[in-house]
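Read through the structure below, which is laid out as structure tokens, and then see the notes.
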Amino acid sequence: MFDTSKWHIPFMKYRRLALGISCALMVLSLGLVVAKGLNLSVDYTGGILLQVEFPAAVEVGQVREALAGVGQGQATIQAYSDRGVIVRFQSQSGENRKQVLGALNQRFGKVQVLRLETVGPVVGEELRQQAFVALILALGGILAYMAFRFQFRFGMAAVLSLLHDAILMIGVYSLTGKEVGVSFIAAILTVVGYSLNDSIVVLDRVRENWKDLRGKGIVDLVDLSINQTLSRTINTSLTTLLPVLAMYFLGGEVISNFAFAFLVGITVGTYSSIYIASAVVAEWYLRSPKY
């Protein structure tokens, strides 16, 4: 494990550059979402999810050709093994489902249906709203706790850090085209808790050092606090990454999707606890007439 107790890395020397890059990435992420959109699963759009296994190995292109013959060439097709795929298409029609299965059976022989889910558009809309409300309530609760436990400025810094993490995660999903489903929302809320814990550790050390090193400049004080807690940050991130990597490479399709979001979240969360939460606190106090 890493021991950083004697490190003196001047993180805050580059705080404005880091904040500028982060702002640019957030704008880029939001731009991607507006321009490209998100690959929403049937959980949020409404439709049919069909998981099937074929008698022999198939290619995704072959499956798409078969579906194009029944008007479902735009369906989302995801291979999870050489003989299995998950097909998602925006239709609640039982007739369309029969046509899809018929086309697959005709092209590849008798297929085995492992999973069949149908989500209506009203349910999808409700799930989107509930996911948004859950995220807002989480951020509001965090701000209230941090303002009560520390200071309002610390709370705002933590919330801005979490917003940064969530926006970048959404941007990565828009860029990669990975499916946004219920597991993605679960991953975001998990990362919010993980990143918050990391930020609280750093900000709590800032508060403790404030009492003992009152005469020290805010930049030096924040740098000292980050270096003192850096070993904990690195060790926690590495020990978390190992099982998440195993989930991503060895888990199934649903687990790997969650793990991908968690991998992105751990990376940006570790970064934001140092260069967003701490940098915002430092800049805020530099612009304040009183510490």
Checklist outcome for this item: Among the residues of the stretch 153-179, the number that are more than 17 Å from Ile276 (Cβ to Cβ) and either of a type in the set (S, T, N, Q) or part of a helix (DSSP H, G or I) (or both) is 4
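Residues checked against (1) among the small types (Gly, Ala, Ser); (2) closer than 26 Å to Ala138 by Cβ:
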{"residue": "Val191", "(1), (2)": "no, yes"}
{"residue": "Leu196", "(1), (2)": "no, yes"}
{"residue": "Gly217", "(1), (2)": "yes, no"}
{"residue": "Asn227", "(1), (2)": "no, no"}
{"residue": "Ser231", "(1), (2)": "yes, no"}
{"residue": "Tyr248", "(1), (2)": "no, yes"}
{"residue": "Gly251", "(1), (2)": "yes, yes"}
{"residue": "Asn257", "(1), (2)": "no, yes"}
Next on the checklist: So in the stretch 60-78, with the set limited to residues that are touching a strand residue (DSSP E or B) at 6+ places or on another chain (Cβ under 8 Å) and loosely packed, with under 15 Cβ neighbours inside 10 Å, which one is nearest to Glu179 (Cα to Cα)?
Outcome noted: Gln74
Checklist entry - Any idea how many residues of the stretch 273-291 are open to solvent by less than 30 Å² (accessible area, probe 1.4 Å), more than 15 Å from Gly155 (Cβ to Cβ) and assigned to a helix (DSSP H, G or I)? => result 4
Item to check | Selection within the stretch 64-116 - modelled with pLDDT of 80 or more and among the charged types (D, E, K, R) | outcome: Arg64, Glu65, Asp82, Arg83, Arg88, Arg97, Lys98, Arg107, Lys110, Arg115
Checklist entry - In this structure, does Leu139 turn out to be over 30 Å from Ala68 (Cβ atoms), not aromatic (Phe, Trp, Tyr) and not in a strand (DSSP E or B)? => result yes
Checklist outcome for this item: In the set Leu250, Leu224, the lone residue that is more than 18 Å from the chain's Cα centre (by Cα) and modelled with pLDDT of 85 or more is Leu224
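Residue-by-condition table, conditions (1) more than 28 Å from Phe249 (Cα to Cα); (2) outside any loop (DSSP other than H, G, I, E, B); (3) out of contact with any helix residue (DSSP H, G or I) (no Cβ under 6 Å at 6 or more places or on another chain):
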{"residue": "Val27", "(1), (2), (3)": "yes, yes, yes"}
{"residue": "Gly61", "(1), (2), (3)": "no, yes, yes"}
{"residue": "Gly71", "(1), (2), (3)": "yes, no, yes"}
{"residue": "Ile86", "(1), (2), (3)": "no, yes, yes"}
{"residue": "Arg97", "(1), (2), (3)": "yes, yes, yes"}
Next on the checklist: Only one of Asn227, Asn257, Asn235 is closer than 25 Å to Gly20 by Cα and either touching a His at 6+ places or on another chain (Cβ under 8 Å) or touching a residue at least 24 places away in the same chain (Cβ under 8 Å) (or both). Can you tell me which?
Outcome noted: Asn227
Checklist outcome for this item: Inside the stretch 35-50, the number of residues satisfying the requirement of being part of a strand (DSSP E or B), under 19 Å from Gln99 (Cα atoms) and not β-branched (Val, Ile, Thr) is 3
Next on the checklist: Being hydroxyl-bearing (Ser, Thr, Tyr), farther than 30 Å from Leu49 by Cα and open to solvent by 40 Å² or more (accessible area, probe 1.4 Å) is true for just one of Thr233, Thr239. Which residue is that?
Outcome noted: Thr239
Checklist entry - Scanning the stretch 148-158 for residues that are open to solvent by less than 40 Å² (accessible area, probe 1.4 Å) and without any contact (Cβ under 8 Å) to a residue 60 or more places away in the chain, which turns out nearest to Leu38 (Cα to Cα)? => result Gly155
Checklist entry - For Ala186, which of the numbered conditions (1) surrounded by fewer than 22 Cβ atoms within 10 Å (Cβ to Cβ); (2) closer than 20 Å to Ser199 by Cβ fails to hold? => result (2)
Item to check | Verdict on Val34 being without any contact (Cβ under 8 Å) to a residue 24 or more places away in the chain, under 17 Å from the mean Cα position of the chain (by Cα), open to solvent by 60 Å² or more (accessible area, probe 1.4 Å) and farther than 14 Å from Leu104 by Cβ | outcome: no
Checklist entry - Looking at the stretch 196-220, which of the residues that are of a type in the set (A, V, I, L, M, F, W, C) and farther than 17 Å from Tyr14 by Cβ is surrounded by the most Cβ atoms within 10 Å (Cβ to Cβ)? => result Leu203
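The values are calculated or read from the model by the stated rules, or taken from the named source; none is laboratory data. Everything quoted here is computed from the prediction, not taken from an experiment. Virtual Cβ from ideal backbone geometry, glycine too; neighbours counted across all protein chains shown. Heads up: the accessible areas ignore ligands, DNA and RNA and are worked out on the full protein's heavy atoms, side chains in. Shrake-Rupley method; radii C 1.70, N 1.55, O 1.52, S 1.80 Å.
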